[in-house]
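Asks: The structure follows.
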Amino acid sequence: MRYFMWLLLMCSLTLNVYFEWQRPGSILQSLFKNEPAQIQAEVVTQITPKTPPAHSIQSHEPLSQAIRYFNQGDILRAIAVWENSTHPLQHIAQIHSWIGQLSAKLTHQNTQQLADTLLFVQRILSITPTDFTALQLEADIYFAQGEHNEAIDRYINLLHLYPEFAQLQDIITNLITQRLAQLKTQSNWHETITQGQIWLSEQPGNLPIIAAMTEAHLALNNALEAELLLSQLSAQQLQHQAIAPLKKALDNATQQTERIPLVRQGEHYILKAKIAGQDIALMIDTGASVTALTAAQFEQLAYDVSYVNSRRVSTANGITEVPFYQSTGIQIGTKQKTPFEFGVMEQSHYGPGLLGMNFLRHFDFEIDQQNAELILKPR
């Protein structure tokens, strides 16, 4: 952790130097550029010093006072004096100097000192909200406080503001990789999936993120979601060292015989399926060619499916027109079928839907009536 923080601080200081060099009127440029006219003017000034006007002395007095407070360690009082000065942005170079000093001390600060430093930088940002060095220090403080998700979000926002700094992408990738390792150690699968979706939208091709989310889905027995993630990868990506073991684990899970618990309802059996992420109760109906949901069940997932067409089908009440929809898939136990079409029985509002042969025909299946289980075997 200490080595990573050192590396992060070195990246931060490098970016700060680069940013200062690019700034109009940069102090660094004035030091390294050999401009004779400017040097001559400085010599003349040294030979014939002029007494500055009284208003000039007064305008710099608050800065001198702020510097004294900062050197005494009272950073909040120092920033308050700067914040309340007549033209605070005239002294932004001094603020950047303070930020550099505080950045170098982050790994040695206690909880209260980190909180004070965060308040310090947030007061700077209240004056100059897009200041690069201040925003970066804010992100680094969150990381030092252990709020890694917040630190990553701050760096992502910083990259959005300053896309020209490609180094930020490497920092973000390293922070995400470290955070995913922590979540895996904690077996925090739900947060891995939630945060992974956010980070994957920023880095769509990041295989470690995809691997972490796939592993989380497998740990939660969400084989369908795991398969959907891996289905987006190329054959070469599936051979990646972080992906290949997960693909094998998924294949093994889907090839095993599975026993699905059933609930007896008269002469029928009810099981729990998952469609478009929703738990749906379905009654096994081997006489139905397609799976059908009730109107109430369809309302649970109406926004996560797409309309296909309407078809005339034979039901217990005769021939009727039934709308058909497609979801990303159906999952029963660890078995899934992707994509998956189903009809909607608009006249039926309550009770379970029907599990038809458009799912069951993909397996060798039987109903164990004694133990009330549906046995699914791969064909």
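Asks: Among the listed residues Q136, Q122, Q113, Q101, which satisfies the condition of being under 24 Å from A166 (Cβ atoms) and either in contact with a strand residue (DSSP E or B) (Cβ under 8 Å, 6 or more places away or on another chain) or not charged (D, E, K, R) (or both)?
Replies: Details: Q122 fails: under 24 Å from A166 (Cβ atoms); Q113 fails: under 24 Å from A166 (Cβ atoms); Q101 fails: under 24 Å from A166 (Cβ atoms).
After applying the criteria, what remains is Q136.
Asks: Hey, another quick one. Among the candidates A219, A281, single out the residue that is among the hydrophobic types (A, V, I, L, M, F, W, C) and closer than 14 Å to P352 by Cα.
Replies: Selected residue: A281, the only one of A219, A281 that is among the hydrophobic types (A, V, I, L, M, F, W, C) and closer than 14 Å to P352 by Cα.
Asks: Can you find a residue that is touching a Lys or Arg at 6+ places or on another chain (Cβ under 7 Å), outside any loop (DSSP other than H, G, I, E, B), in the same structural domain as N221 (by the TED database) and within 25 Å of R379 (Cα to Cα) anywhere in region 239-253?
Replies: The answer is no; no qualifying residue exists.
Asks: Report, by residue number, each residue of region 254-272 that is modelled with pLDDT under 95, open to solvent by less than 40 Å² (accessible area, probe 1.4 Å) and part of a strand (DSSP E or B).
Replies: E258, I260 - these are the residues of region 254-272 that are modelled with pLDDT under 95, open to solvent by less than 40 Å² (accessible area, probe 1.4 Å) and part of a strand (DSSP E or B).
Asks: If a residue must be open to solvent by 50 Å² or more (accessible area, probe 1.4 Å), of a type outside the set (D, E) and within 18 Å of the chain's Cα centre (by Cα), how many such residues does region 215-230 contain?
Replies: 0
Asks: Being within 25 Å of P378 (Cβ to Cβ) and modelled with pLDDT of 90 or more: is that true of V308 here?
Replies: Against the criterion (within 25 Å of P378 (Cβ to Cβ) and modelled with pLDDT of 90 or more), V308 does not qualify.
Asks: A further question on this structure: State whether the residues of region 146-160 include one that is in the same structural domain as P204 (by the TED database), more than 29 Å from L180 (Cβ to Cβ) and assigned to a helix (DSSP H, G or I).
Replies: For region 146-160, residues in the same structural domain as P204 (by the TED database), more than 29 Å from L180 (Cβ to Cβ) and assigned to a helix (DSSP H, G or I): absent.
Asks: Every residue in region 98-138 that is in contact with a Ser or Thr (Cβ under 6 Å, 6 or more places away or on another chain) and of a type in the set (A, V, I, L, M), please.
Replies: Those that are in contact with a Ser or Thr (Cβ under 6 Å, 6 or more places away or on another chain) and of a type in the set (A, V, I, L, M): I99, L102, L137.
Asks: Then there is this: Hey, which of the strands (runs of 3 or more DSSP E) in region 293-379, taking only ones fully inside, have at least 2 residues that are open to solvent by 30 Å² or more (accessible area, probe 1.4 Å) and over 28 Å from N252 (Cβ atoms)?
Replies: 306-315, 318-327
Asks: Return the residues of region 161-172 that are surrounded by fewer than 16 Cβ atoms within 10 Å (Cβ to Cβ) and in a helix (DSSP H, G or I); say none if nothing qualifies.
Replies: L161, Q167, Q169, D170
Asks: So H240 clears everything in (1) of a type outside the set (V, I, T); (2) surrounded by fewer than 16 Cβ atoms within 10 Å (Cβ to Cβ); (3) farther than 24 Å from G277 by Cβ except one condition, right? Which one?
Replies: H240 satisfies every listed condition except (2).
Asks: Also: Need pairs with beta-carbon distance below 7 Å; first residue in contact (Cβ under 8 Å) with a residue 60 or more places away in the chain and within region 88-104, second open to solvent by 50 Å² or more (accessible area, probe 1.4 Å) and of a type in the set (V, I, T); sequence gap 6+ or separate chains.
Replies: Once the first residue is in contact (Cβ under 8 Å) with a residue 60 or more places away in the chain and sits in region 88-104, its partners that are open to solvent by 50 Å² or more (accessible area, probe 1.4 Å) and of a type in the set (V, I, T) give A93/I27.
The values are calculated or read from the model by the stated rules, or taken from the named source; none is laboratory data. Since the structure is predicted, the reported quantities are computational estimates derived from the model, not experimental observations. Virtual Cβ from ideal backbone geometry, glycine too; neighbours counted across all protein chains shown. SASA here: full protein model, heavy atoms, side chains in, ligands and nucleic acids out. Shrake-Rupley method; radii C 1.70, N 1.55, O 1.52, S 1.80 Å.
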